[in-house]
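Undergrad: My questions all concern the structure below.
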Amino acid sequence: MREESLRRRAAKVLPPPERKAEYVREMFTQIAPAYDRINRLMTFGLDRQWRRWTVLHANLRPGDRALDVATGTGDIALELARRVGPVGTVIGTDFSDGMLRLARSKARAAGLEDVVRFQWADALDLPFGDGEFDAATVGFAGRNVTDLHRFFSEMRRVVRPGGRVVHLEISRPTQPVLSALFRLYFYNVIPALEGRLAGARSAYTYLPNSLTLFPSVEDLAKIMREAGLVDVQYYPLTFGTVTIHVGVAP
Ligand SMILES: C[S@@+](CC[C@H](N)C(=O)[O-])C[C@H]1O[C@@H](n2cnc3c(N)ncnc32)[C@H](O)[C@@H]1O
């Protein structure tokens, strides 16, 4: 399908900006119990490695304090907790209570509840002071927010000067054959397969369409710079189907 018709379809399927936050919260609360299983299936298990790399890019040391924004079921936050160790601190935030409940029970099961804490927070209005964290991470949530400038500004604000903001997200491969395969998988196979498994087809119709309207990797880097981050770099993974962006708080 051509870019323009994908964009038209996305504009029809996605909620209008004023309803997006509520729509996203309800959708994630509904799919929370199936979320981890679907992630593993959809990514052939690669998501774990992508999250590990995200955490490595945060450049944390034992004893550091890290924030994982829009943490969902907490996989990145738990990985951060392993990195900062027992004397470090990790806070995972999300605006879906259903996701946060699962994240807390995973922290208990992993014996990490003394290192990582999960709390409700809107990513666009973080309830933390300036420079409170050594790094902030976020995975697969940029497509869901209504204001990317504010999203990155908030993460930049709560990270100390010199600390990193690390963003992991699905991206569109540019090589023509890969791009065609990716579209087939992402726009046709995922909604059909995962909709059945999650019992919520709309969530996985939302997923590809939200990527259609998401900025390119270059444009996202530009938005991060406009939000005040410096030394912005990005690293495509798995043939460019996901990309890690890293920026430094000045
Ligand atoms: C696709 S999940 C990603 C979860 C997790 N970061 C991961 O790597 O699996 C997106 C998460 O972002 C959360 N989210 C979306 N917009 C948000 C916002 N404005 N504030 C807080 N959480 C938000 C959703 O509730 C959901 O848990």
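The numbers here are math on the coordinates, done by the rules we state, and not lab data. Keep in mind that what you see is a predicted model, and the values were worked out from it rather than measured. Cβ placement follows ideal geometry from the backbone for every residue including glycine, while neighbour counts extend to all protein chains displayed.
Undergrad: Top mean-square fluctuation among 87, 115, 158, Gaussian network model of the chain, C-alpha springs under 10 Å?
TA: Answer for the Gaussian network model of the chain: 87.
Undergrad: Enter the angle in degrees (range 0 to 90, nearest 10) between the Cα long axis of helix 201-212 and the first principal axis of the Cα atoms of the chain, meaning the one along which they spread out most.
TA: 80
Undergrad: Using a 7 Å offset from the Cα along the Cα-to-Cβ direction at both residue 61 and residue 37, what is the distance between the two label points in nm, to one decimal?
TA: 4.3
Undergrad: Same structure again: What is the antiparallel percent of DSSP beta bridges lying wholly in the chain, to the nearest 5?
TA: Values: 13 of 32 bridges.
Percentage antiparallel, nearest 5: 40.
Undergrad: Additional query: Return the calculated 222 nm mean residue ellipticity for the chain, to the nearest 500 deg cm²/dmol, obtained by summing -39500 (n - 2.57) across DSSP H runs with n ≥ 4 and dividing by the residue count.
TA: Numbers: 10 runs with 123 residues, N = 250.
So the helix-based figure for the chain works out to -15500 deg cm²/dmol.
Undergrad: Please list, ordered by chain and number, the residues whose modelled amide H lies under 5 Å from the amide H of residue 137; skip anything fewer than 5 residues away on the same chain.
TA: Correct list: 67, 68, 69, 166.
Undergrad: Report, by chain and number, residues whose modeled amide H sits under 5 Å from the one on residue 95, excluding near sequence neighbours (fewer than 5 apart, same chain).
TA: 121
Undergrad: Let me ask something additional. I'd like the orientation of helix 17-42 relative to the chain: the angle between its Cα long axis and the longest Cα principal axis, in ° from 0 to 90, rounded to 10.
TA: That works out to roughly 90 degrees.
Undergrad: Return the long-range amide H neighbours of residue 237 (sequence gap of 5 or more, or a different chain), with a cut-off of under 5 Å between placed amide H atoms.
TA: Here the answer is 242, 243, 244, since their amide H atoms fall under 5 Å of that of residue 237.
Undergrad: Turning to a different aspect of this structure: Given Cα pairs under 8 Å that are at least 6 residues apart, what percent is the relative contact order of the chain? Please list the in-between numbers first.
TA: Values: 467 pairs, mean separation 51.4, N = 250.
This gives 21 percent for the chain.
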